[in-house]
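The values are calculated or read from the model by the stated rules, or taken from the named source; none is laboratory data. Source: prediction; values computed, not measured. We place every Cβ from the backbone using ideal geometry, glycine too, and count neighbours over all the protein chains shown. Each accessible area value is taken on the protein alone, full model and side chains, heavy atoms only, with ligands, DNA and RNA left out. Shrake-Rupley method; radii C 1.70, N 1.55, O 1.52, S 1.80 Å.
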Amino acid sequence: MSQYFDPDPVTASDRKLIDYDFGGIGFRFITDTNVFSRNGIDKGTDCLLKEVVSDLRRIRPQYQHFLDLGCGIGVVGIVLASRFPNCEIKGYDVNSRACGLAMENAELNKVRASFEQLDVNNGLPEGETYDAIITNPPVRAGKITVFKFYEEAYSHLSRGGRLYVVLQRKQGAGSSKTKLEELFGNCTTLGITGGYHVMKAEK
């Protein structure tokens, strides 16, 4: 059975629209089979966005380049593009179906953002650096893949750049915090809501 982290889903397409309200702004997203957030925006992504937008607002003049790592159908990148229209927003995901939907969703929500298929296990493109990388990592793909996300993020953040992560405690928030502290030398918990821990590590 195909998973949301499979590169080329084989399950028959069954597209639908879902609505999402963020800070009083309405968004619409096309979803499909074998993509993350198939039936609605998950609680973790919602918690992540609230903490990230609040944190980025305090430092916006310094930050221009954002990466939505493991972008799925583009929810994080699209909301950030709406809130920070002068910044460059990019997203990567291993799932070809999700990436196609992310591009459609950017057009649907009338924001400027780009999304491409990429397997993070093979590394992010050389030469790319970001001021902020935001991820709701694919925990079902396993800890090795999740930690690879963190390692690649560290390698591709500018000095002073920040990695934002959301995980439930039962999904390994504790071990992720330890890993981030090892990589970055720091990790701050921005908020905990319904068991979801939103964490920030600064390079």
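Region 29-137 holds strands (runs of 3 or more DSSP E) entirely within its bounds, and those carrying 2 or more residues that are hydrophobic (A, V, I, L, M, F, W, C) and open to solvent by less than 20 Å² (accessible area, probe 1.4 Å) map to 65-69, 130-135. Hey, can you tell me all the residues within region 144-196 that are in contact (Cβ under 8 Å) with a residue 24 or more places away in the chain and assigned to a loop (DSSP other than H, G, I, E, B)? Across region 144-196, the qualifying residues are 156, 172, 194, 195.
As for region 52-62, it holds at least one residue that is modelled with pLDDT under 95, basic (Lys, Arg) and either under 18 Å from residue 197 (Cα atoms) or in contact with a helix residue (DSSP H, G or I) (Cβ under 9 Å, 6 or more places away or on another chain) (or both).
Quick check on my filter: what residues within region 17-28 are assigned to a strand (DSSP E or B) and either free of Cβ contacts under 8 Å to residues at least 24 places away in the same chain or within 17 Å of the chain's Cα centre (by Cα) (or both)? Break it down into steps so the answer makes sense when it comes.
Here is the first cut: in region 17-28, the residues assigned to a strand (DSSP E or B) are 17-22, 25-28.
Those that are assigned to a strand (DSSP E or B) and either free of Cβ contacts under 8 Å to residues at least 24 places away in the same chain or within 17 Å of the chain's Cα centre (by Cα) (or both): 17, 18, 19, 20, 21, 22, 26, 27.
Kindly indicate whether any position in region 77-91 is β-branched (Val, Ile, Thr), in contact with a strand residue (DSSP E or B) (Cβ under 9 Å, 6 or more places away or on another chain) and within 14 Å of residue 28 (Cα to Cα). Yes: region 77-91 contains one or more residues that are β-branched (Val, Ile, Thr), in contact with a strand residue (DSSP E or B) (Cβ under 9 Å, 6 or more places away or on another chain) and within 14 Å of residue 28 (Cα to Cα).
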